[in-house]
1. Considering region 1-33 alone, what residues qualify as being farther than 26 Å from Arg309 by Cβ and in a strand (DSSP E or B)?
2. Which number in (1) farther than 30 Å from Ser250 by Cβ; (2) within 10 Å of the ligand (Cβ to nearest atom); (3) touching a Leu at 6+ places or on another chain (Cβ under 9 Å) marks the one condition that Val162 misses?
3. Take region 12-36 and flag every residue that is touching a residue at least 40 places away in the same chain (Cβ under 8 Å) and out of contact with any Lys or Arg (no Cβ under 9 Å at 6 or more places or on another chain).
4. Looking at this structure, is Leu138 crowded, with 19+ Cβ neighbours inside 10 Å and touching a strand residue (DSSP E or B) at 6+ places or on another chain (Cβ under 6 Å)?
5. So which residues in region 1-39 are under 14 Å from Lys151 (Cα atoms), surrounded by 22 or more Cβ atoms within 10 Å (Cβ to Cβ) and within 9 Å of the ligand (Cβ to nearest atom)?
6. Please go through region 201-225 and pick out each residue that is within 12 Å of the ligand (Cβ to nearest atom) and buried (at least 20 other Cβ atoms within 10 Å of the Cβ).
7. Hey, any hits in region 76-89 for a residue that's modelled with pLDDT of 90 or more, part of a strand (DSSP E or B) and over 22 Å from the mean Cα position of the chain (by Cα)?
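The values are calculated or read from the model by the stated rules, or taken from the named source; none is laboratory data. Predicted, not measured: the structure shown is a model, and the values here were computed from it. For neighbour counting, all protein chains shown are included, and Cβ atoms are generated from backbone atoms with ideal geometry for every residue, glycine included.
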Amino acid sequence: MRIGIIGAGIMGRTLCCHLLNNFYDTRLFDKDRLTAQKNCSFTAAGLLSAYAETKSCMPALAQIGAAAIDYWRNFTKKEKTKIFFDDCGSICLADNHAELQNFKKILLTKFSNEIFREIVVSNLEPDVVPNYRTGIYLPYEAQIDAQKLLKALARLIQQQNVFQQRAVTLQEAKQFQYDWLVDCRGLGAKQELENLRGVRGELLFIEAPNVQLKHVIRYFHPRYDIYILPRPNNGFLIGASCIESEDYSSITVKTVLELLSAAYSIHRGFGEAKLIATKTHCRPAFSENLPRLYVDHKRKIITVNGLYRHGFLFAPIFSLAIENFLRTSQWQDTVTPYLVHQEFEQCK
Ligand SMILES: Cc1cc2nc3c(=O)[nH]c(=O)nc-3n(C[C@H](O)[C@H](O)[C@H](O)COP(=O)(O)OP(=O)(O)OC[C@H]3O[C@@H](n4cnc5c(N)ncnc54)[C@H](O)[C@@H]3O)c2cc1C
């Protein structure tokens, strides 16, 4: 079966590698080179976090999250080039006890008490400022080095010589001789998907030799939620802003102040940290911030878009489901909440 994939973000790359592994005759197109590092995926922090995001997401995300963590764990084990992957979980902190209790109630309503533990923070992270005495520990969360992962996927694709740098519109794609086309263009598909919007996100890369943290820290501030990701060699990623704007310009002073003061309030060692780099990009999102899988049986086009804050969680699950659909003509239950069966012209 001949499959064409348009768009080489995390979705297109993961799908391409998965189909190649399953012996499909696959081609991948992107308007930029595979090494360009320009797309939204290259800006991602690499959090594989379903439960901590649950305030804004449906429970189905948790099931997806567990499967995605397994997928990337196995992928990194097989890869020859070392990709940082850490699955020791997240610790959620809040300024006031009520906020943490509210989060606990949400977890209990949507899941069970098996997916979290109330903890004394100093038992797991002794250097966190003592103001944050108690926290909620989410053991089934992980993180991966998104940039190294994207590069590893690119290498696998290049080895098979199936990539072509070319901007493709769906109008042109009609002429391609493929059994199915999969559109993974992210915000590049905005013309066809009018409900798609960009949500700006910003990320700081920090070097902090005086900070020892083992777990991902999620901090629920009354005005914003942030995450702190510990990385090898004293590296840290700090982010989580969600700004309703399709603005690709540099990071604002306000965001840097908010993110860094939040980090400093959690660990005083961030005071001596060095700001190494900042990144901004816009996440592709639909109005309800959930992804959609459009299936146009007539034109043989599958459109995957709106991965919002969870591209690295959804990409493996959608890849497995698409391969299963190509083989069996059936969609797996895991993706039914996101399926829209209609002809592409009606998507607007
Ligand atoms: C600051 C920030 C932090 C984030 N952190 C995380 C995180 O920790 N965990 C997580 O899971 N997600 C995170 N995300 C979200 C994640 O990055 C997105 O969900 C993901 O990148 C979407 O992937 P995609 O493949 O759908 O789109 P993209 O990465 O945007 O890829 C689309 C590709 O299509 C190509 N394209 C567009 N138009 C055309 C055309 N006409 N022809 C050919 N090619 C075309 C583009 O060049 C691009 O390569 C974060 C996002 C931001 C901004």
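1. Arg2, Ile3, Gly4, Asp25, Thr26, Arg27
2. (2)
3. Initially, region 12-36 is screened for residues touching a residue at least 40 places away in the same chain (Cβ under 8 Å), giving 12-20, 22, 24, 26-35.
Matches in region 12-36: Arg13, Thr14, Leu15, Cys17, His18, Leu19, Leu20, Arg33.
4. Values: crowded, with 19+ Cβ neighbours inside 10 Å: yes; touching a strand residue (DSSP E or B) at 6+ places or on another chain (Cβ under 6 Å): yes.
For Leu138, the condition - crowded, with 19+ Cβ neighbours inside 10 Å and touching a strand residue (DSSP E or B) at 6+ places or on another chain (Cβ under 6 Å) - is met.
5. The answer is Ala8, Gly9, Ile10, Met11, Gly12, Arg13, Thr14, Asn39.
6. At the first step, the residues of region 201-225 found to be within 12 Å of the ligand (Cβ to nearest atom) are 201-205, 216, 218.
Those that are within 12 Å of the ligand (Cβ to nearest atom) and buried (at least 20 other Cβ atoms within 10 Å of the Cβ): Gly201, Glu202, Leu203, Leu204, Val216, Arg218.
7. no
Table: residues versus (1) within 12 Å of the ligand (Cβ to nearest atom); (2) assigned to a helix (DSSP H, G or I); (3) more than 21 Å from Arg218 (Cβ to Cβ).
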site: Leu237; (1), (2), (3): yes, no, no
site: Ser249; (1), (2), (3): no, no, yes
site: Thr255; (1), (2), (3): yes, yes, no
site: Glu258; (1), (2), (3): no, yes, no
site: Tyr264; (1), (2), (3): no, yes, no
site: Gly269; (1), (2), (3): no, yes, no
site: Ile276; (1), (2), (3): no, no, yes
